[in-house]
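The values are calculated or read from the model by the stated rules, or taken from the named source; none is laboratory data. Quick caveat, the model's predicted, so the values are computed rather than measured. Cβ atoms come from the backbone with ideal geometry, glycine included; neighbour counts cover every protein chain shown. Accessible surface areas use protein heavy atoms only, side chains included; no ligands, DNA or RNA. Shrake-Rupley method; radii C 1.70, N 1.55, O 1.52, S 1.80 Å.
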Amino acid sequence: MNCYYCGKPKTSYEHVPPKCIFFENTDGSINRNGLITVPSCEEHNSEKQKDDEYFRFLLVMSIHSSGVHGTLNIDKFFRALNRTPHVFSSFIINPQQVFVKHESQIEYKPTIIYEPDIPRYHKIIKQICIGLFFHTYGTVFSGHIDIAYDGTMSLSDQMINDNQKELINTINILGKGIPFLGKNEDIFKYKLIDNCNKVYLLLVFYQTNEMIIRMTRT
Ligand SMILES: [Zn+2]
């Protein structure tokens, strides 16, 4: 077996998406049924742990701010964040204090906003897609990948442009009847739509964070 990313001989296996995002539920039940793994070489497995943590950080901040994390036990994550802030400080770029309030609340509360490291974040998403491609077809993906729509980084529906709206419609039509895959759907599920020279991946993290990735084969 060869590395999912570069095709060199494998030295280990790698979880796709990262294992660390599979939180347990608040009732103690585990969300780690049949996790996907792909063979990986040394280079494409080491170095990844911090990226995995960063990816989880962005996802959790997103679901936390949207208030939809519901039954997921993410308190442990916040305890670790409070206990070892130095570990997480590298994730926070240009922090600024702002005051926000939810429409149901009266008082404004202090919080911080920061700049996400988009190149790093996109690199991680692309690795996940290359991993899912390998898991599906058993070959290393060769071609171009673009993140066509990312609901995690959009603050509201108004930020979706016409091209993205059209793409979402197309995916809904093409993906009709294609089942979601992934055995822990509260955490992660995906749909793979193979259409001519393109593969579309619809990824859903924590039920609400949707992304559409277009992989164009060369
Ligand atoms: Zn490799």
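Counting only Cα atoms, the chain measures 54, 41, 36 Å along its principal axes, largest extent leading. Solvent-accessible surface of segment 86-218, taken per residue with a 1.4 Å probe and all protein chains present: 60 Å².
Taking every alpha-carbon pair under 8 Å whose residues sit at least 6 apart, the chain reaches a relative contact order of 19 percent. Taking Lys and Arg as +1 and Asp and Glu as -1, the other residues whose beta-carbon sits under 14 Å from that of ASN184 total +1.
Taking each residue as 0.36 nm, the span from VAL100 to ASP146 lengthens on full extension beyond its C-alpha to C-alpha distance by 13.3 nm.
For the chain, leaving out every one of the trypsin sites (Lys or Arg not before Pro) that falls in a DSSP loop and has at most 14 other Cβ atoms within 10 Å, the longest unbroken run is 102-175. Counting only alpha carbon atoms, the long axis of helix 118-137 and the longest principal axis of the chain meet at about 40°.
Taking GluC sites (Glu not before Pro) as exposed when their DSSP state is a loop state and no more than 10 other Cβ atoms lie within 10 Å, the longest site-free interval of the chain runs over 108-218. Taking only Cα atoms, what is the 0 to 90° angle, nearest 10, from helix 48-66's long axis to the longest principal axis of the chain? For 48-66 against the chain, the angle is about 50 degrees.
Only lysines eight or more places from LYS109 in sequence, or on another chain, were considered; those with a Cα closer than 19 Å are LYS101. The local environment of SER62, defined by Cβ-Cβ distances under 13 Å, has a net charge of -1 under the rule Lys, Arg +1 and Asp, Glu -1.
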